[in-house]
Amino acid sequence: NFNPDRDIPDLTGKTILVTGGNAGIGYATVKHLARKGAKVYMAARNKARAEAAIAKLKSEGLGPGNGEVIWLELDLGDPRNPKKAAQEFMDKEDRLDVLSTLISPFVLTRELLPILRKTASHPESDVRIVMVASDGHKFVRDKPRFQTIEDLNDECKNAWIPGFARYCQSKLTNILYTTELHRRLSSSRDPATSNITVLSIHPGTVNTVPERPEIARLHLSTFVFLIGLPISVVPDVGAYNSVFAAASPVVKRERERFGGGYVVPVGRLVSP
């Protein structure tokens, strides 16, 4: 029954950064949050695609009185780039209320912690870090190791579909990172740091292939798409859980329960 138009409060004055916001679930997340008045940074690599996505958002009705969408160059394929992107963001803004990240979250999150802490020091602040994971973590075989570079670079060559195996393992690391990051932040002696809420989410089975036909060529996406097609939802609905995690008053009201947790559509806290 969740509906962002009804269940998300006015976000005027809030600044939010969404990675991968120029397509699919990220695009829909940006749209829902901007329509509630937030200033949303669409962090993406390709300027032309980002500008086209922003133009489409405006044509779909951001309208007067709604939020603003701004492109931030972010290339997660280069580990050095998130540091540069974070610095560029902090040169422009003096607050960050929500960071919603889809892939390769570690460096960007680390570099943005100073501005997240600064925002969390304000009275009545509600600062959140949302990691978009998935139930794909349930398909991880055996007990993966994350102790060496070799462990992290495991190509899962012996798996039936190596690309799918790597995807599932990456989503498991997102969830583990969320749990540990929230534990560290919440146990900090700094009141602002301990006031940051970190949670991970499963968006559900979302059909993004029509919006991104290039991924249909990948074995991973084709496999997941064909299996999930009968129960998949459109990205607009698939973004609901991300939007809930980023902006629902329920998360602030029940912070002790949601902090470090894993949320499935829509707004249900479960054990991963």
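Below, the figures for the structure above:
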| quantity | calculated |
| --- | --- |
| Residue among Ala44, Ala34, Ala85, Ala50 that is buried (at least 18 other Cβ atoms within 10 Å of the Cβ), touching a residue at least 40 places away in the same chain (Cβ under 8 Å), among the small types (Gly, Ala, Ser) and in contact with an Asp or Glu (Cβ under 9 Å, 6 or more places away or on another chain) | Ala85 |
| Unmet requirement for Asn22, which otherwise passes all of (1) out of contact with any Pro (no Cβ under 9 Å at 6 or more places or on another chain); (2) modelled with pLDDT under 95; (3) assigned to a loop (DSSP other than H, G, I, E, B); (4) more than 16 Å from Leu76 (Cα to Cα) | (4) |
| Tabulated pairs, region 138-149, first within 16 Å of Ile175 (Cβ to Cβ), second surrounded by 12 or more Cβ atoms within 10 Å (Cβ to Cβ) and not acidic (Asp, Glu), C-beta under 7 angstrom, 6+ apart or interchain | Phe139/Cys168; Val140/Cys168; Val140/Gln169; Val140/Leu172; Pro144/Gln169; Pro144/Leu172; Phe146/Leu152; Phe146/Thr173 |
| Qualifying residues in region 96-134 (those that are surrounded by fewer than 17 Cβ atoms within 10 Å (Cβ to Cβ) and of a type in the set (D, E, K, R)) - the one nearest to Ala165 (Cα to Cα) | Arg110 |
| Number of the condition not met by Asp75 [criteria: (1) surrounded by fewer than 17 Cβ atoms within 10 Å (Cβ to Cβ); (2) over 25 Å from Leu181 (Cα atoms); (3) touching a helix residue (DSSP H, G or I) at 6+ places or on another chain (Cβ under 7 Å)] | (2) |
| Helices (runs of 4 or more DSSP H) enclosed by region 153-272 - at least 2 residues per element that are at pLDDT 95 or above, surrounded by fewer than 18 Cβ atoms within 10 Å (Cβ to Cβ) and on the phi < 0 side of the Ramachandran plot | 162-186, 249-253, 255-258 |
| Residue within region 60-79 that is part of a helix (DSSP H, G or I), under 19 Å from the mean Cα position of the chain (by Cα) and free of Cβ contacts under 8 Å to residues at least 24 places away in the same chain present | no |
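The values are calculated or read from the model by the stated rules, or taken from the named source; none is laboratory data. All values derive from a computational prediction rather than experimental measurement. Cβ atoms come from the backbone with ideal geometry, glycine included; neighbour counts cover every protein chain shown.
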